[in-house]
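What follows is a set of notes on a single structure, which appears directly below.
Just so you know, all these numbers are worked out from the coordinates, no wet-lab data involved. From a predicted model like this one, the values you see are computed outputs, not experimental measurements.
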Amino acid sequence: MRKLIFIILPVLLFASFTVAFKTGDPKAREIVRKADEKAKGLTSQGEMKMTIVRPSWKREMTLKSWGKGDELALILVTAPSRDKGTAFLKRGNEIWNWQPSIDRTVKMPPSMMAQSWMGSDFTNDDLVKQSSVVNDFEPTLLGSETIEGRACHKIEMIPKESAAVVWGKIISWIDKQEYMQLKTEFYDEDGYLVHTMLGKNVKNLGGKMLPSLLEVIPADEPQNRTLVEQLWIKFDEPMKDDFFSVQNMKRVK
């Protein structure tokens, strides 16, 4: 996979959006904002199962996650036993990794954000959502397409010049009715497709209709894939900021 410097998916005529392309696209920005807010809520906590698939082997992990807005996130590995207790913390633009096997906390530099997370097809940035699609990208509505039988907005997102992101471009297909991201393509700075993320198995999760399964397929190794199944999730329950601390990362269960 190419390394990058960067998360988390009626027919319209292209010509009708020409003016919006030149002056900004408020409709596209609102669609992206609604999808982003639906996926995250004010706060979220849940449990996931991750399966990394390779031609000759398969690996499974279970994870717990907590999030508050764009600034705070915590991910804990609960299985397998060799990785149990490993945690990742995001506070603003700073990210830490706690490794209980060596009793060490590592503050991760920006250069590590594009690296593979735990051997999967996700990057470190994908899992902790360092970049905000709402604040760091300018969206443009390209038109409409159908994904899995659902009418979707097709939206291109280009990073703002001031944004410290690893993706050169993102194209996302967002369901028109439920504002779910059903397909997202991630491109590097040179315009090459790096990986595609698909949202599948839509169901009620935490009171919202959302894809319960995410599948990531790297463009240069299509025989590989990483699957993330959302086992359960809760939204908008009160969470204090001090839950997202380096000290709590070491003891959370």
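Observations on the model:
- For region 118-230, the fraction of alpha-carbon pairs lying more than 20 Å apart is 43 percent, rounded to a whole number.
- Under 5 Å between amide hydrogens, built in the peptide plane, is the criterion, and for Ala219 it picks out His195, Thr196 among residues at least 5 positions away or on other chains.
- According to the Kirkwood relation over distinct C-alpha pairs, the hydrodynamic radius of region 64-172 is 15.7 Å.
- Count of Lys pairs (Cα-Cα under 26 Å; at least 8 positions apart or interchain) in region 153-253: 29
- Scalar couplings 3J(HN,Hα) for region 55-60, obtained by applying the Karplus form with A = 6.51, B = -1.76, C = 1.60 to θ = phi - 60°, are x, 10, 7, 9, 10, 10 Hz; x denotes Gly and Pro.
- Cα extents of the chain along the three principal axes, largest first (Å): 58, 44, 37
- In sequence order, calculated HN-Hα J values of region 66-77 (Karplus, 6.51, -1.76, 1.60; Hz; x Gly/Pro): 9, x, 9, x, 8, 9, 10, 7, 9, 10, 10, 7
- Phi-derived couplings, Karplus 6.51 cos²θ - 1.76 cosθ + 1.60 at θ = phi - 60°, listed residue by residue for region 190-204: 8, x, 8, 5, 9, 7, 10, 10, 10, x, 10, 6, 5, 8, 7 Hz, with x used for Gly and Pro.
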